[in-house]
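Asks: Below is a structure I'd like to ask you about.
The values are calculated or read from the model by the stated rules, or taken from the named source; none is laboratory data. This structure is a prediction, so every number in the text was calculated from the model and none was measured. Ideal geometry is used to build each Cβ from the backbone, glycine not excepted, and the neighbour counts take in all protein chains shown.
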Amino acid sequence: MCGIVGYIGVKEATPVLLKGLKKLEYRGYDSAGIAVLGGGGLEVCKAKGALKNLEEKVSALTSGAPASQAGFPEAQFSGTMGIGHTRWATHGEPSDINSHPHTDVSGKIAVVHNGIIENHGKIKEWLSGRGVSFRSETDTEVIAHLINYYYSGDILAAVQEALKRLEGSYALGIICENDRDHIIAVRKESPLVIGRGRGENLIASDVPALLAYTRDVYYLDDREIAVLSRDDVAFYNEDGERIRKTLSHVDWDAAAAEKGGYEHFMLKEINEQPKALTDTLRPRIIRDGQLSLRSVNLTEIGFDASWAEAKRVVICACGTAWHAAMVGKYAFEHFARIPSDAEIASEYRYRNPISSPRDICIIISQSGETADTLAALRLAKKNGGRIIAITNVVGSTLAREADLVMYTWAGPEIAVASTKAFTTQLMCVYLIALQTGFLRGHLDQEELDRHIAALEQIPAQAETVLAGKEAIQRFASLCFNKSKVFFIGRLFDYAASLESALKLKEISYTHSEAFAAGELKHGPIALADESTLVTALCTQEALFEKMDSNIKEVKARKASTSVITYDDVHHFDRSADTVFRIPRTPDCFTPMLSVIPCQLYAYYCSVLRGNDPDKPRNLAKSVTVE
Ligand code: M6R
């Protein structure tokens, strides 16, 4: 989704803005722009396509002019405050004109926006009736004109008036040529972070854009306004009253958000899984009692016996996080014998779900900012449910609105395709399910200890799977052009199949689907032919025979077959064309391992097909609009 940056300080703003936008590229975009306020007044430059188009345009506009100390000409795009934007088109095609910043009729007010103004049509009509003509097809342009309509010398007051008219979601950065000392920032249901520096302050959609300047940040809450000057940041609530906000310190450093020698963020993040899994698991395990048996310690997040008394567990999420929810559903049934549902948040929010205050609702989101997921959270809350958030982003909206928060300590995930966030989400749901099972008396202390011991093996086992990456790469080089790829599995393997198919389709653009293996005969097998690759995830021991039959069935229709199974299992050696092996772990924990070869396979196919795995077409990292 769109990315916002803003800078006010003593440095030249243009390079700061361009650098900040680069850090937000991962969010997905199709055009970019900046507005800088300096000696030349308010200057705007926008370009469709990659950020380098904008950089070239800015540099062409400034070439020939005398360069200032910072390498930018004195007159053009030279100024110490400005705002920038990467746009992911929603209203109007990607084009220079539709890119942000958008300005008002006078060209003195510039606005960048992430989100959707739902009533923009009405406002546009209203403004048109007052003589305003529009240049773009965007919903955002109405904001600039509306602020101008209310402007009579005080930009903050004008923004406050304009906000009263806006419906929908927005994070906004606003500057005004008549006020060279302030940037106004606002948020409602779209992320925005304020970076507090020394003699300089910044805004950004996400922390990586700030890290070169500061690690001290304020997280804006919905409907709050920040007014940034060079030396201060003032905050206001929606009633216009001054409020105080707490400064948070971001622990991860800039290097954590860099590629660190890997060709792509995605490959780096796949390889970071052993560490991410360790970091997510270790702080939650303690050893108690005379026998020093392992227990799950979730007291840090406030999870006590009252949570385990729930009548039902509802797990809501989107995309990859929904696949983690599927695993969670199976895990809760398996360990805690508690009715559980995995819900797609975008469906759940529009149903009239039957819920009770005795439900616990687990909301999973890497970013903590996914619009549908947040809507599901709010609905569950309204219905009286108690909410546990599993998220990777400290201070995200999800983290702030949930009753309990369990962080996945995966570190920043930059690639659009989620990898380490997924496996760490699984680790979190397993821990909550195990603890619930223990508190409900379905697991005794020794069983719990045994399961935790297996979880403790997972990071090293993930390392072993990663060590086999060359075999996957070779396999990808033979199969990357298959036109259809199916992943099949049963139970926990079905959930892992869903995630594997999503990974492949989103970055390689191959048509891939996941099927519960037992469903093949009910339709999907009609698709199997010589152009099909079927990858069977086979780690549910009791169902090996069934899976073997499914493999033979698709093979008989000339599909190529590969299997992912345990390293000591030879059940499929004859039926499958290729077998990949993962270390032994209890059947219920295998998704954390079996998904890794599939992530690698998707990555290599993407590269072999000439795609950019970090920034797949049409996708955004954080889906902050519906
Ligand atoms: O930030 P979230 O976990 O809420 O994001 C949910 C989905 O948008 C996300 O998992 C998406 O499916 C990824 N592209 C998967 O790789």
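Asks: What's the number of the only condition in (1) of a type in the set (Lys, Arg); (2) surrounded by fewer than 21 Cβ atoms within 10 Å (Cβ to Cβ); (3) in contact (Cβ under 8 Å) with a residue 24 or more places away in the chain that Lys381 fails to meet?
Replies: Unmet condition: (3).
Asks: Next up: Is one or more of the residues making up the range 220-233 within 27 Å of the chain's Cα centre (by Cα), part of a loop (DSSP other than H, G, I, E, B), closer than 19 Å to His120 by Cβ and not β-branched (Val, Ile, Thr)?
Replies: For the range 220-233, residues within 27 Å of the chain's Cα centre (by Cα), part of a loop (DSSP other than H, G, I, E, B), closer than 19 Å to His120 by Cβ and not β-branched (Val, Ile, Thr): present.
Asks: Determine, yes or no, whether Cys588 is touching a strand residue (DSSP E or B) at 6+ places or on another chain (Cβ under 9 Å) and either in the same structural domain as Tyr430 (by TED's automatic domain parsing) or more than 22 Å from Trp88 (Cα to Cα) (or both).
Replies: Taking the combined requirement at face value, the residue does not satisfy it.
Asks: Also, quick follow-up: May I ask you to list the residues in the range 79-100 that are hydrophobic (A, V, I, L, M, F, W, C) and outside any loop (DSSP other than H, G, I, E, B)?
Replies: Result: Met81, Ile83.
Asks: Going by the conditions given, is Arg282 within 30 Å of Phe422 (Cα to Cα), in contact with an Asp or Glu (Cβ under 9 Å, 6 or more places away or on another chain) and loosely packed, with under 12 Cβ neighbours inside 10 Å?
Replies: So Arg282 fits the description; yes.
Asks: Taking the range 378-408, which residues are part of a helix (DSSP H, G or I) and among the acidic types (Asp, Glu)?
Replies: Listed by number, the list holds a single entry, Glu401.
Asks: Those residues that are of a type in the set (S, T, N, Q) and at pLDDT 95 or above, I need them from the range 11-42; list them, please.
Replies: Of everything in the range 11-42, just one residue is of a type in the set (S, T, N, Q) and at pLDDT 95 or above, namely Thr14.
Asks: Let me ask another. Select from the range 110-138 the residues that are among the hydrophobic types (A, V, I, L, M, F, W, C), out of contact with any helix residue (DSSP H, G or I) (no Cβ under 8 Å at 6 or more places or on another chain) and under 23 Å from Ile4 (Cβ atoms) and list them in ascending order.
Replies: Val112, Ile116
Asks: Given (1) part of a strand (DSSP E or B); (2) closer than 23 Å to Ala433 by Cα, where does Ala514 come up short, assuming only one miss?
Replies: So the condition that Ala514 fails would be (2).
Asks: On the basis of being in a strand (DSSP E or B), near the ligand (Cβ under 9 Å from one of its atoms) and in contact (Cβ under 8 Å) with a residue 40 or more places away in the chain, does Ile364 make the cut?
Replies: yes
Asks: Taking Glu369 as meeting all but one of (1) surrounded by 23 or more Cβ atoms within 10 Å (Cβ to Cβ); (2) more than 15 Å from the ligand (Cβ to nearest atom); (3) in contact (Cβ under 8 Å) with a residue 60 or more places away in the chain, write down the number of the exception.
Replies: The one condition Glu369 does not meet is (2).
Asks: Of the residues that make up the range 488-496, is at least one within 16 Å of the ligand (Cβ to nearest atom), in contact with an Asp or Glu (Cβ under 8 Å, 6 or more places away or on another chain) and closer than 29 Å to Glu545 by Cα?
Replies: No, the range 488-496 contains no residue that is within 16 Å of the ligand (Cβ to nearest atom), in contact with an Asp or Glu (Cβ under 8 Å, 6 or more places away or on another chain) and closer than 29 Å to Glu545 by Cα.
Asks: If the Cβ limit is 7 Å and pairs must be 6+ apart or interchain, which residue in the range 415-443 that is under 26 Å from Met266 (Cα atoms) and free of Cβ contacts under 8 Å to residues at least 24 places away in the same chain pairs with which residue that is away from the ligand (no atom under 12 Å from the Cβ) and among the acidic types (Asp, Glu)?
Replies: Final answer for the pair search is none.
Asks: Right, another one. Please go through the range 182-219 and give me each residue that is crowded, with 24+ Cβ neighbours inside 10 Å and in a loop (DSSP other than H, G, I, E, B), ordered by number.
Replies: Scanning the range 182-219 gives Ser190, Pro191, Leu192, Ser205, Asp206, Leu210.
Asks: Here's a follow-up. Can you confirm whether Ala496 is under 22 Å from the mean Cα position of the chain (by Cα), in a helix (DSSP H, G or I) and either modelled with pLDDT of 95 or more or not small (Gly, Ala, Ser) (or both)?
Replies: yes
Asks: Consider the range 385-401. How many of its residues are of a type outside the set (Ser, Thr, Tyr) and near the ligand (Cβ under 9 Å from one of its atoms)?
Replies: 3
Asks: For the range 345-361, what are the residues that are without any contact (Cβ under 8 Å) to a residue 40 or more places away in the chain and either surrounded by fewer than 19 Cβ atoms within 10 Å (Cβ to Cβ) or part of a loop (DSSP other than H, G, I, E, B) (or both)?
Replies: Glu347, Arg349, Tyr350, Arg351, Asn352, Pro353, Ile354, Pro357
Asks: Quickly run through the range 296-336 and pick out the residues that are small (Gly, Ala, Ser) and either within 16 Å of the ligand (Cβ to nearest atom) or at pLDDT 95 or above (or both).
Replies: Ala317, Gly319, Ala321, Ala324, Ala325, Gly328, Ala331, Ala336
Asks: Looking at Leu537, Leu502, Leu533, which one is within 16 Å of the ligand (Cβ to nearest atom) and touching a helix residue (DSSP H, G or I) at 6+ places or on another chain (Cβ under 8 Å)?
Replies: Leu502
Asks: Also: Kindly indicate whether Gly411 is part of a loop (DSSP other than H, G, I, E, B), away from the ligand (no atom under 14 Å from the Cβ), within 26 Å of Met592 (Cα to Cα) and assigned by TED's automatic domain parsing to the domain that holds Val313.
Replies: For Gly411, the condition - part of a loop (DSSP other than H, G, I, E, B), away from the ligand (no atom under 14 Å from the Cβ), within 26 Å of Met592 (Cα to Cα) and assigned by TED's automatic domain parsing to the domain that holds Val313 - is met.
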